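Here the structure comes first, spelled out in structure tokens, and everything after it is commentary.
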Amino acid sequence: MRISKITRRTFASAVLLAPSAALLHAQGKKKSYVFHGKVESVDAASKSMTVDGAKVEGWMDAMSMKYDVDNADVLKTVKKGDTIEATVYEGNIKLYKVHVVKPDSKK
């Protein structure tokens, strides 16, 4: 049986996208929290940063810890000393949607 190029591309796309879709679906079922912290260091090579995080009620006590980030592009703009805000999910210590919080807009 011959498989057309379109069928192979469709199958390849589905295989590549399935893990991302599964992750998004799993996060949708998990409780999310707003994370605040001060950046202590940035490690672009490992797509992570060390952050002195504030306590997040119901998720984690205040502590300094190394966190992976969902989007490595943010590591090009964030620097040591910045105050950040991110989304975290129950059972997961990766930081999502990281952005720098300006001093006057800090909550």
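Nothing in this text is a laboratory measurement; each read-out follows from the coordinates by a stated rule. Quantities reported herein were computed from a predicted structural model and do not represent experimental measurements. Ideal geometry is used to build each Cβ from the backbone, glycine not excepted, and the neighbour counts take in all protein chains shown.
Taking every Cα-Cα distance in segment 48-106 and sorting them into 10 Å bins starting at zero, the pair-distance distribution P(r) comes out as 21, 60, 19, 0 percent.
With 0.36 nm allotted per residue and the present C-alpha distance subtracted, the residue 99-residue 33 stretch has 22.3 nm of extension available.
The relative contact order of segment 31-105, computed from alpha carbon pairs under 8 Å that lie at least 6 residues apart in sequence, is 34 percent.
Remark: 48, 64 ranked as 64, 48, counting other beta-carbon atoms within 10 Å and listing the fewest first. Ordering 49, 60 by the number of other Cβ atoms within 10 Å of each residue's own Cβ, fewest first, gives 60, 49.
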